[in-house]
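Structure record follows, encoded as structure tokens.
The values are calculated or read from the model by the stated rules, or taken from the named source; none is laboratory data. Predicted model, so just to flag it, every value in this text is computed and none were measured. Here Cβ is always computed from backbone atoms with ideal geometry, including for glycine, and neighbour counts include all displayed protein chains. Calculation scope for accessible area: heavy atoms of the full protein, side chains included, ligands and nucleic acids excluded. Shrake-Rupley method; radii C 1.70, N 1.55, O 1.52, S 1.80 Å.
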Amino acid sequence: KGVTSFRQSYPISCESRTAVDWADFFGVQIYESDFQFALPLSDNPDKGFVGDVHDPWGQVPPYSYGVHAAPVATLLKEEYGLSARAAKNFSLENLKKELASGQPLIAWVIGNVEGGVPYIYTDSAGNKVQVGAYEHVVILTGYGKDSIRYLNNSRIFDVPVDVFDNSWSVLDRM
């Protein structure tokens, strides 16, 4: 309860939209555009936003893609004073513990929590990063015995745990 979600303003601003919706739960008001354009830019989504927020969704680097958890958490923490933290390889057990404590979580998935295939991209500095076509971000709000509940662009969905985990695993369970 108490988590709101709005439609993203740009074709590939799901990370910013979700971050500001998550921040709102904790009483911090942020404009999506302010958050989006405060993110660092990079050709590596683990380091910053890849591409142009106005470009079409579904591409992988070096084309316009988006950003992963670490730069989003850093901005939420350093600029807005929130206790955000980025994690990879988070377990379903830990995810459920966080949700049970009343904390909504931001999760990196594929599409509207669909299957996908991981791809290893090498940035201009030679660093490797796992990416996936149709990378997307949702807010997790709860779970049941066999399902995970999430918000995506102002809509609530329940998905079987195995379907969620399959989608979430493509991007290292961020």
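Roughly what % antiparallel, to the nearest 5, for the DSSP beta bridges in the chain? Numbers along the way, then the final one.
On the way: 21 of 22 bridges.
Approximately 95 percent, going by the DSSP bridge assignments.
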Find the centroid of the Cα atoms in the range 35-64 and in the range 108-174, then give the distance between the two in whole Å.
-> 17
Using only the Cα atoms of the chain, build the gyration tensor, take square roots of its eigenvalues as a ≥ b ≥ c, and label the shape rounded, prolate or oblate: rounded if a/c is under 1.5, else prolate if a/b is larger than b/c, else oblate.
-> oblate
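For the pair Lys128 and Asn153, what calculated FRET efficiency results from E = 1/(1 + (r/R0)^6), where r is the Cβ-Cβ distance and R0 = 45 Å, to the nearest 0.05?
Values: r = 31 Å, r/R0 = 0.68.
FRET efficiency, Asn153 to Lys128: 0.90.
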Taking only the alpha-carbon positions of the range 4-70 and ignoring solvent, what does the Debye formula give for the base-10 log of I(q)/I(0) at q = 0.13, 0.18, 0.24 Å⁻¹?
-> -0.33, -0.61, -1.01
Using a Gaussian network model of the chain with C-alpha springs under 10 Å, which one of Leu140, Leu151, Leu41 is most mobile by mean-square fluctuation?
-> Leu41
Local electrostatic count, Phe6, Cβ distance below 13 Å [Lys/Arg +1, Asp/Glu -1] = 0
Report Phe26's accessible area, 1.4 Å probe, all protein chains in place, as a number in Å² to the nearest 10.
-> 80
Based on alpha-carbon positions alone, could you give the equivalent ellipsoid semi-axes of the range 92-174 from the gyration tensor, as √(5λ), descending, whole Å?
-> 25, 13, 11
Charge dipole of the chain about the Cα centre (unit charges at C-beta), most positive-ward option of Ala133, Tyr63, Thr18 | Thr18
